[in-house]
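Single-structure report; data block below.
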Amino acid sequence: MQAMQQPRSPGKPGQQTALINRFTRWIPQSNLLWFCLAWLLIILLWEFGSWMEWLNPQILPPPSQTLPYALSGNISIGFGQQKTGLLEATTITLARVGTGMLAGLLVASCLAVTAIELPVLRRLILPIVQSLAPIAPVAWIPFTIAVIGIGGQAAIFIVFMAVLGTMSLSLIAALDDIPAEYLKIARSLGTSRIRMWWHIRLPAIVPGAMTAIRMSFFGAWMAVLAGEMAGINSGLGYMIIMAQQMYNMKLVMIGILAIGFIGFAVDRLLLLAGARLLQWTR
Amino acid sequence: MDTVNNMSQATTYPADNTTSSTTGARLVFSNIRKSFSDTVSVEADSLIIESGSLTVLLGRSGCGKTTLLNLAAGLDFPDQGSVSYDNQILQGPAPSTTLIFQTRNLFPWMTAEENVAFPLRNQGMAKTEALEHARQYLKQVGLESFAGHKPAQLSGGMRQRIALARTIATKPRLLLLDEPFSALDMQTRRMMQRYLLDVWKNSGVTILMITHDLHEALMLADRIALMASSPTGHIADILDIKLERPRDPEDPAFRTVQQQLDRFLEHETLLAEHDPTLESANQQA
């Protein structure tokens with residue numbers, strides 16, 4: 001122990017340890033730093049694997065080829081009308097997820113309000129949403145392509161079906177879980193039906209609803225990509241399939257990474273939005 | 001059952017410069033039977049709560065106190081019998097009635113002033129005016145500087161004071177309190193009891209309050225309805241408390257009544273301990 005302390009004691013030990021303390025405290029707290037570190041590690045392993053020829057660079061091109069290609073700004077696949085760029089494909093897919101989720105949220109909200117206001121209809125609504133919820137979102141793809149076709153509406157419909165059941169169930173559960181005291185007090189304070197929904201029930205279920213939206217986003221994100229890979233003729237999933245068919249493995253890798261990063265980013269954004277809405281819990 | 005301390009005289013609220021006044025509601029429970037399951041039920045043959053009186057329901061948990069309070073609020077309805085409010089049988093939420101619970105009285109997503117302004121907004125008052133009024137009522141409970149705080153940022157006692165401020169704002173004729181101070185420390189509880197008595201004296205509101213705290217019941221009540229839980233929840237006795245106000249726990253008269261009630265509660269506890277069905281009922285409740 002003494003031997004270890006000796007080199008530190010001369011000079012200005014206080015200043016030095018303070019700096020180290022600050023640094024060591026900062027590292028575990030910075031999520032961004034850990035995020036970058038984790039990805040750096042993966043990229044290094046990937047590069048190393050290619051360099052050692054464990055990975056066939058024809059099938060899995062190393063980052064030293066993939067990344068410059070990704071940043072070249074000219075990544076697209078196909079010819080003529082079928083030509084699809086990464087940015088364009090991503091925008092299309094995100095718009096589909098957004099539209100489908102918004103529609104799902106809207107219909108789920110209507111179902112939840114009906115279920116609470118009209119106990120008779122609740123008995124009809126619950127079995128429907130309970131049997132919709134466990135259906136895997138991808139299971140809707142064959143049905144949708146057969147019925148609606150391979151256009152954008154089909155993708156939106158898949159997202160809608162993917163989120164409707166779980167969102168309705170979560171909203172109804174959140175509404176049922178509102179502490180009875182709030183409702184009793186609001187009623188005794190002469191709150192009208194509309195104000196009850198707007199000022200009491202809605203803010204009370206925001207935590208549950210935000211979690212429901214985040215969870216169903218993952219389902220929707222996966223379902224729409226699977227749909228685009230299975231036949232729908234545009235979007236990020238379609239781009240990846242096209243790239244694979246044309247043997248552009250760099251683009252396949254970039255597509256996969258884009259799926260991951262965008263999914264992560266949207267989830268973070270929803271989390272931040274939720275935290276803003278939930279300031280009252282702290 | 002004679003009635004004492006009829007305090008129904010109309011009084012003005014101190015915050016208001018207007019001449020608004022109120023008379024407490026008169027509540028009558030008659031031949032009430034209400035059951036939830038095979039094990040939990042409550043009976044009240046006759047309980048009259050006079051206008052402007054302060055009645056306390058005293059008893060151990062599981063004897064149906066909260067049930068009676070819900071019936072009085074018109075949030076629940078008896079299987080048999082009726083609750084009448086100023087000679088009208090209650091068919092829905094009781095008019096001009098405010099509830100205060102042990103916790104969760106304030107809506108956590110609203111600030112203190114928004115909470116107090118909420119019932120005023122329900123009545124159609126404009127937002128700025130309602131908030132202006134709300135700050136006046138907060139001033140009365142000494143919390144005007146916390147108007148913009150959210151409930152999570154305030155202590156339990158402060159929250160109950162804000163709930164009380166909101167109660168004053170709604171000018172109720174009936175105030176129903178379900179163990180409102182049980183979650184507070186002793187000093188805060190004493191302070192809140194004084195606040196409550198002030199509100200009561202200044203407003204003439206009828207108060208029905210639940211507590212399991214004998215001391216609290218004696219400090220506040222005009223009348224104490226003693227509730228027993230065996231064989232079913234029922235009102236075992238109704239006592240008029242004629243002690244002078246402000247009440248002093250050191251007063252020999254106070255102590256005599258306290259001992260009387262103590263004996264009753266102890267007897268009630270012994271009965272319950274020898275009744276296994278009741279214990280399960282308590283666990284459910």
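The radius of gyration of the Cα set in the range A:80-206, together with its Dmax, comes out at 18.6, 67 angstrom.
Take every Cα pair under 8 Å whose residues are at least 6 apart in sequence, average their separation, divide by the length of the range A:211-282, and the relative contact order is 24 percent. Along chain B, the longest continuous region that contains none of the GluC sites (Glu not before Pro) in a DSSP loop with at most 13 other C-beta atoms within 10 Å is B:1-243.
Take A:154-162, A:93-101, B:58-66, A:169-177 and order them by the average number of nearby Cβ atoms within 10 Å per residue, most first; the result is A:154-162, B:58-66, A:93-101, A:169-177. Between B:Gly148, B:Phe181, B:Ser229, the Cα set farthest toward the positive side of the dipole of the range B:134-248 (charges on each charged residue's Cβ, about the Cα centre) is that of B:Gly148. Between amide H atoms placed 1.01 Å from N, distances below 5 Å from B:Val141 occur with no residue 5 or more places distant or on a separate chain.
Taking each DSSP H run with n ≥ 4 as -39500 (n - 2.57) and averaging over every residue of the protein assembly as shown yields -18000 deg cm²/dmol at 222 nm.
A straight Cα-to-Cα reach below 22 Å connects A:Lys184 with the lysines B:Lys34, B:Lys65, B:Lys150, B:Lys171, residues fewer than 8 places away in its own chain not being considered. Per residue of B:161-171, other chain Cβ atoms within 10 Å of the residue Cβ number 1 on average. Of the chymotrypsin sites (Phe, Trp or Tyr not before Pro) found in the range A:53-136, the ones in coil according to DSSP and having at most 12 other Cβ atoms within 10 Å of their Cβ are A:Trp54, A:Phe79. In whole percents, the pair-distance distribution calculated for the protein assembly as shown from its alpha-carbon pairs, binned every 10 Å from zero, is 3, 13, 18, 17, 14, 12, 11, 8, 4, 1, 0.
Taken residue by residue and averaged, Cβ atoms of other chains lying within 10 Å of the Cβ of B:96-105 number 4. A P(r) calculated from all alpha carbon pairs of chain B, with 5 Å bins opening at zero, reads 1, 6, 12, 16, 18, 17, 14, 9, 5, 2, 1, 0 percent. Between amide H atoms placed 1.01 Å from N, distances below 5 Å from B:Lys34 occur with B:Val42, B:Asp79, all of them 5 or more places distant or on a separate chain. As a calculated quantity, the FRET efficiency between A:Ala95 and B:Gln123 at R0 = 51 Å, using C-beta atoms, amounts to about 0.70. The Kirkwood radius of chain A, taken over pairs of alpha-carbon atoms, gives through the Stokes-Einstein law at 25 °C and 0.890 mPa s a diffusion coefficient of 108 µm² s⁻¹. Hydrodynamic estimate: the Kirkwood radius of the range B:150-224 over Cα pairs, inserted into Stokes-Einstein at 37 °C and 0.692 mPa s, corresponds to D of 256 µm²/s. Normalised radius of gyration (Cα atoms, divided by 2.2 N^0.38 Å) for the range B:106-171: 0.95. Across the range B:106-171, Cα pairs under 8 Å and at least six residues apart give a relative contact order of 46 percent. When the Gaussian network model of chain A links Cα atoms closer than 10 Å, the mean-square fluctuations of A:Phe35, A:Phe218, A:Phe261 top out at A:Phe35.
Remark: relative contact order (chain A) = 22 percent; criterion is Cα-Cα distance under 8 angstrom and separation of 6 or more residues. Between B:Met191 and B:Asn31, the contour length at 0.36 nm per residue exceeds the alpha carbon distance by 53.9 nm. Hey, what angle do you get for helix B:112-122 against the long axis of chain B, alpha-carbon based, 0 to 90 degrees rounded to 10? Between the helix axis and the principal axis of chain B, the angle is about 90 degrees.
Normalised by the empirical 2.2 N^0.38 Å for globular proteins, what value does the Cα Rg of the range A:141-282 take?
Computed over Cα atoms of the range A:141-282, the ratio equals 1.39.
With 0.36 nm allotted per residue and the present C-alpha distance subtracted, the A:Thr114-A:Gln65 stretch has 12.1 nm of extension available.
Please work out the Cα convex hull volume for the range B:19-132 and give it in Å³ per residue.
Cα convex hull per residue, to the nearest whole number: 147 Å³.
Bear in mind that the values in this text are calculations on the coordinates, not laboratory data. A quick note: this is a predicted structure, and the numbers were derived from the prediction, not measured. When we count neighbours, we look across all protein chains shown, and the Cβ atoms used for this are built from the backbone with ideal geometry, even at glycine.
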